[in-house]
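Chemist: Right, I'll just put the structure down here and ask away after.
The values are calculated or read from the model by the stated rules, or taken from the named source; none is laboratory data. Values in this document were obtained by computation on a predicted structure and should not be read as measured data. Here the Cβ positions follow ideal geometry from the backbone for every residue, glycine too, while neighbour counts run over all protein chains shown. Note: areas computed on protein heavy atoms with side chains; ligands, DNA, RNA excluded. Shrake-Rupley method; radii C 1.70, N 1.55, O 1.52, S 1.80 Å.
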Amino acid sequence: MLPPGETILLTLRLAGSIPMRAGRELHAQHIAARQAAGSPEAHRRAEKQFFAGFDALLDARTVGPDYLAKEKLAELVAGELLMLEEQGLQVPCFVLLPNHLHAVLHLPAGSGLSLYKAVELLHQRTAVQARRLLRGQLPPEADFWQPGFHELPILDAVEMSRVQTYLLAHPQRLSLPERFRELPYVHG
């Protein structure tokens, strides 16, 4: 059983990390599937299918930067994720991949915190710090993160266990170098 509160699987991605056309097609399929969903179960399946397609596009790494492969940047982002715990959020696990991150975030019931505000601040703080580290590599007008984020609610302990197993095995599934299987790239 999950503790009381809200638990999500959060995905943030670097700007330009998905081919535009493929992203638009996936988004259109997602909208159509959600509109066709006649039950909460069908809606949930549509959300999971979208996540799987979205993650596959990110994992393919056919376009865009791979800034998170830089260890200094990974340390910065991992540090900011773990700092969320000082604000009252729980971060049971996360994985940083070359062009995106997945993190499980738990907002305890009655905490008075805003999950969306915390994610927005994470976005802003890491982008500002990343710009400093990437001076000369990131054009001044370019975004670091793609605006917005994707979230998938985690509904129970069984799903939480599946998500954690998926995240922690992600670097190995992608045949990433060994360093992607330990901190700062993986926590949990």
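Chemist: I'd like the residue in region 27-42 that is exposed (fewer than 14 other Cβ atoms within 10 Å of the Cβ) and small (Gly, Ala, Ser) and, out of all such residues, is nearest to residue 150 (Cα to Cα).
Modeler: In this case the residue turns out to be 28.
Chemist: Against the definition (of a type in the set (Asp, Glu) and in contact with a strand residue (DSSP E or B) (Cβ under 7 Å, 6 or more places away or on another chain)), how does residue 151 come out, yes or no?
Modeler: Values: of a type in the set (Asp, Glu): yes; in contact with a strand residue (DSSP E or B) (Cβ under 7 Å, 6 or more places away or on another chain): yes.
Criteria met by residue 151.
Chemist: Go through (1) buried (at least 19 other Cβ atoms within 10 Å of the Cβ); (2) out of contact with any Ser or Thr (no Cβ under 7 Å at 6 or more places or on another chain); (3) over 19 Å from residue 60 (Cα atoms) and name the single condition residue 165 misses.
Modeler: (1)
Chemist: Ok, one more. Among the numbered criteria (1) open to solvent by 30 Å² or more (accessible area, probe 1.4 Å); (2) assigned to a helix (DSSP H, G or I); (3) in contact (Cβ under 8 Å) with a residue 24 or more places away in the chain; (4) out of contact with any strand residue (DSSP E or B) (no Cβ under 8 Å at 6 or more places or on another chain), which single criterion is violated by residue 62?
Modeler: Condition not satisfied by residue 62: (2).
Chemist: Can you tell me which residue within region 128-162, out of those that are charged (D, E, K, R) and open to solvent by less than 60 Å² (accessible area, probe 1.4 Å), is farthest from residue 50 (Cα to Cα)?
Modeler: Initially, region 128-162 is screened for residues charged (D, E, K, R), giving 131-132, 135, 141, 143, 151, 156, 159, 162.
Applying the additional criterion that residues be open to solvent by less than 60 Å² (accessible area, probe 1.4 Å) yields 151, 159.
Values: 151: 11, 159: 17 Å.
Per the criteria, the residue is 159.
Chemist: Further question on the same structure: One residue is enough: does region 112-124 have a residue meeting the conditions open to solvent by less than 50 Å² (accessible area, probe 1.4 Å), over 24 Å from residue 62 (Cα atoms) and in contact with a strand residue (DSSP E or B) (Cβ under 7 Å, 6 or more places away or on another chain)? Before you say what the answer is, go through the steps one by one.
Modeler: Here is the first cut: in region 112-124, the ones open to solvent by less than 50 Å² (accessible area, probe 1.4 Å) are 115, 118-119, 122-123.
Checking which are over 24 Å from residue 62 (Cα atoms) leaves us with 115, 118-119, 122.
Next cut, in contact with a strand residue (DSSP E or B) (Cβ under 7 Å, 6 or more places away or on another chain) only: 115, 119.
Looking through region 112-124, at least one residue is open to solvent by less than 50 Å² (accessible area, probe 1.4 Å), over 24 Å from residue 62 (Cα atoms) and in contact with a strand residue (DSSP E or B) (Cβ under 7 Å, 6 or more places away or on another chain).
Chemist: Right, another one. When only residues in region 99-110 that are open to solvent by 10 Å² or more (accessible area, probe 1.4 Å) and touching a strand residue (DSSP E or B) at 6+ places or on another chain (Cβ under 7 Å) count, which is farthest from residue 174 (Cα to Cα)?
Modeler: The first filter runs over region 99-110 and keeps only residues open to solvent by 10 Å² or more (accessible area, probe 1.4 Å), leaving 107-110.
From the residues that got through so far, the ones that are touching a strand residue (DSSP E or B) at 6+ places or on another chain (Cβ under 7 Å) too are 107-109.
Numbers: 107: 30, 108: 32, 109: 35 Å.
Only one residue tops the list, namely 109.
Chemist: Pairs under 6 Å by beta carbon, first residue not assigned by the TED database to the domain that holds residue 98 in region 118-144, partner part of a loop (DSSP other than H, G, I, E, B) and surrounded by 14 or more Cβ atoms within 10 Å (Cβ to Cβ), six or more apart or different chains?
Modeler: Partner pairs satisfying both residue conditions: none exist.
Chemist: Sticking with this structure for a sec: Looking only at region 1-26, count every residue that is open to solvent by less than 30 Å² (accessible area, probe 1.4 Å) and modelled with pLDDT under 90 and tell me the total.
Modeler: 0
Chemist: Further question on the same structure: Being in the same structural domain as residue 162 (by the TED database) and under 22 Å from residue 133 (Cα atoms) narrows it down to one of 91, 77, so name that one. First the steps, then the outcome.
Modeler: On the way: 91 fails: under 22 Å from residue 133 (Cα atoms).
Answer to the check: 77.
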